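First up is the structure itself, then whatever we jot down about it.
The values are calculated or read from the model by the stated rules, or taken from the named source; none is laboratory data. Since the structure is predicted, the reported quantities are computational estimates derived from the model, not experimental observations. Positions of Cβ are backbone-derived with ideal geometry, glycine not excepted, and every protein chain shown enters the neighbour counts. Side chains included, ligands, DNA and RNA excluded: accessible areas come from the protein's heavy atoms. Shrake-Rupley method; radii C 1.70, N 1.55, O 1.52, S 1.80 Å.
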Amino acid sequence: MFAVAILILAIALGLKLSPKDHQHDQKQSHIQTAGQIGLAGAVALFGVDYFSSFFYATGEMMHVLHPLGMQGYAWVPVVVVSIVNIIFGGLYIYSLGPFNEGGGSYTASMRYLAPVLSLVVAVTLLEDYVMTVVVSALSGADQFLSIMGKFDSAWYWHFSIGAVLAAATWFITIRGRGESARTVFLLLAVFVILTVIMAGGLIYAATTHSVKPAPIETEHTTSLAHALFALLGASMKGLVALTGLEAMSNGIQFVKNEDAGVVRWGKRRFPQYQRLWAFYSGKVGIGRFVQTSFLFYGGITTTFAAIFAIRFNVFDGTDGRTLIGNLAYIGYSVFPSGSILFGAYQILSVLLLAAASMTAFQDTQATAWRDVAIGEIPQFVCHRDKKGTFTRSVTATFAISVLIMFLVGGRTTHAIPFYGVGVFLPIMIMGLAIRKHILAAEKGRLRRVGAVLAGTAAVISGFVFLSQLFARWEEGGWIRLVTFTVLFGSAHLILMSNVGKRSPEQIKYIVRERARVQGAMASIVEWQSLKMQEYRYHLLVGLNRRLGKLGISFQPGPAPLAAGPYNPDHHLD
């Protein structure tokens, strides 16, 4: 009865706190607000990716260290993960100020750097969103099989369950943003409650020695170089959920432009902290709340899971369960009817990992219509239904994801090397753009210190990107270089073809009629699209010049309308 009562209470609290989708809030006169979400919905849809990383990040990290008998050095990658999360999280919290109309590093690079870098961002993010769906769904399949101690089942079970989970999240996503947010928030609320209970059980089991650690395996000796490389690899594998940073920055367009309830309360009760409330006001403030939760989450969860994994000597594969599955088994075993809580927690992990796909589906929507406007994707992909969902881009992402699940043989470990690598390029580009913004907009000490911090974040991100490739090289990480090169080259070919040609009238039609976006966001995307058409024209002129030396020539066409320099006064609601 204890376990059942806990589950009923957790579900009841989750339902009570979950966001409601009131139809009268959706102003049909301004269709851009269709499907807009508040703080609770934003935390759910744009935070679930990194919240659910709790179920696999530490497992992947320890998977590198444990075979070498180096699990005792897990504090090194934990420290790296914690510091990197704080640096990159702080960068994106700041970025929501100057880039508050969505687009993330895509918008930032177009405004302060160069159109070619916007193409880099577009290619890498779309690839990472697909891989987010793949890894999330397959991780959910791993947890599901872990319930029955069948973690090492045949590949087709992993693939089949992963495909079903991805299909379920696809179906929920196309039904509307409000329904998706409510579903995911309920799962997150139950997750927090049950995890706190599990933590209590683990602490009790560890302090009372009521649960004996698993048998200690023979430790392997290794060279210093191999050990250092293993620590680097473990650190890189703990950084698998940073896609959430770009997710919120891109998805700010789907957030209500109003103060969160806690901000309205704070303004009334504690007016002396006006600067704090101003920082977290409006849709930018909601986005910053989500990003703030990201700052310390990775460090806290990897520390928690690593400590108890070492204490009880359990890792992925121990007793046919995942690392978190083993911790849940131990933590709930100290409670009456603990097996019920264990089963419920494992099922919850399956649902949450599957729901992490929704972050990718939301961000695919946020970027795909921009890619259509600039000439990277055919126009028919840009279709927005009455609920504000870009259904065709979601469906395309789902179909490609299932295909990749099949190609990697349904194994999460085979997909992990390709996941979370590319996102460090957009983070690096964001750091460079923020540096230029600070140099142009700030003065004095803030200008000097801010520029140094943003530049440092860019350098660290570039280093992490290269480290990710080399740390996962033998597992197939080198394939990301191949896929990126192919996609980046294909993006240029599409842009230079007739498919990528956009007149000012076409751009306006795509943005305001097909995507049904108005105001400052529409104006900014139209400017970005004109800039990309300028880049397209320069590519064609350059190609014609080079072919002319070989006696081949073609007509690049008339020069497009000049976009001009970015002027914030021209892009106001």
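Structural remarks
- Only Lys, Arg (+1) and Asp, Glu (-1) charged, at Cβ; the range 355-446 dipole about Cα centre in debye: 280 debye
- Spatial extent of the range 106-148: Rg and Dmax, with the Cα atoms as the point set, Å: 16.6, 53
- Rolling a 1.4 Å probe over the protein chains gives residue 192 an accessible area of about 80 Å².
- Here the accessible area of the range 65-205 is 75 percent carbon and sulfur, with a 1.4 angstrom probe and all protein chains present.
- Residue ranking by accessible heavy-atom surface, 1.4 Å probe, largest first, among 318, 124, 413 comes out as 413, 318, 124.
- The chain - Kirkwood radius from inverse mean 1/r over Cα pairs (Å): 24.6 Å
- The separation of the range 181-206 from the range 347-395, counted between C-alpha centres, amounts to 29 Å.
- The range 422-543, accessible surface, carbon-and-sulfur percent (1.4 angstrom probe): 66 percent
- Length-normalised contact order of the chain in % [C-alpha pairs under 8 Å, at least 6 apart]: 27 percent
- Signed unit charges on C-beta, dipole axis of the chain, positive-most listed residue 353, 481, 439: 439
- Near residue 244, once Lys and Arg are set to +1 and Asp and Glu to -1 for all other residues with Cβ below 12 Å from its Cβ, the sum equals -4.
- Mean ellipticity per residue at 222 nm, deg cm²/dmol - from DSSP H runs of n ≥ 4 across the chain, formula -39500 (n - 2.57): -23000 deg cm²/dmol
- Taking 18 Å as the straight-line reach from the Cα of residue 283, the lysines in range (excluding those fewer than 8 positions away in the same chain) are 20, 27, 256, 267.
- Å² per residue, accessible surface of the chain at 1.4 Å: 42 Å²
- Listed residues 7, 543 arranged by accessible area, highest first, probe 1.4 Å: 543, 7
- Reach of residue 501 by Cα under 24 Å, taken over lysines that are not fewer than 8 positions away in the same chain: 531
- In terms of overall dimensions, the range 419-573 has a Cα radius of gyration and Dmax of 19.8, 57 angstrom.
- For the range 393-439, fraction of C-alpha pairs farther apart than 18 Å, in %: 54 percent
- Extension gain (nm, one decimal) between residue 16 and residue 478, 0.36 nm per residue minus Cα-Cα: 161.6 nm
- 12 Å beta-carbon shell around residue 380, net charge (K/R +1, D/E -1): +2
- When the Cα positions of 122, 82, 266 are compared along the charge dipole of the chain, 266 comes out farthest toward the positive end, with charges on each C-beta of Lys, Arg, Asp and Glu.
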